[in-house]
Amino acid sequence: MQLQRIQPFGAASRPSARPARVPGCGALPARRVGRCRAVTVQASAKAGELLEKAKKKYEEGDRLQAMNLYEAALNEEPTIEQKRAALFGVTAVHASFGDVELAQMTLREGIRNGLEYEKALEDPTYVTMVTSQQITIQLRRFAQQLAIAMANRPPTERPYGSTARRAGSGGAVPDLDAILGSSSGDTAEVDTSVLGIIRRVIIVVLVGVGLGVGLWFLGLEYMFPKDM
């Protein structure tokens, strides 16, 4: 019987000291992975709690408070699914106010993060969007156009949102932000704050009241002319 000498740990057999990788934590030493994971779980739980409160506020009709809660959830390092729900919730708030431009901006961000608009409309875990049929159709068309634009990207194109892309022949490739507009570009000058939304709602109401009063007086002139 031949005996083999057991060699001690060499450089090739020593345990690896590579930093562990945990989703949302990046590359960290093993001793810090547990703490990072706990912080991430805590943040996700906080985001989930805010989403539930936001959905309830939206259904109660308190849309401004719902939007504040959705935005707070986005700041709590949510999971990708929580981020989609929050972005769809903000889209629903803007749509309920009739703000199509702002609704499209947040819908674009949601689709960038994997949101499927048609499925989101039917998902019971998401908020039920309350808006006019016209706005619903506009958002559906916008989502379809965005999906088509993303599907028709050349395979050599860099990820969505890059500002400079070139094809293999050296020609410039149209940017999706240039086609559909970017929420962070120079053309996005719409005020998305709560005060901005209130200001636009007041302007719409005042214009509607002024138009109604004008039509009322015009009707009086038509029904009771001064010559009679």
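The values are calculated or read from the model by the stated rules, or taken from the named source; none is laboratory data. What you see is a predicted model; the values in this text were computed from it and never measured.
Quick one: in the range 182-208, of everything that is modelled with pLDDT of 75 or more and of a type in the set (D, E, K, R), which residue is nearest to residue 150 (Cα to Cα)?
Only one residue fits best here, namely 200.
Hey, any hits in the range 209-225 for a residue that's modelled with pLDDT of 50 or more and acidic (Asp, Glu)? Spell out the reasoning first.
The first filter runs over the range 209-225 and keeps only residues modelled with pLDDT of 50 or more, leaving 209-225.
The next check asks that each one be acidic (Asp, Glu); those that pass are 221.
Yes, the range 209-225 contains at least one residue that is modelled with pLDDT of 50 or more and acidic (Asp, Glu).
For the range 44-82, name all the residues that are modelled with pLDDT under 90 and among the hydroxyl-bearing types (Ser, Thr, Tyr).
Selection gives 44 alone.
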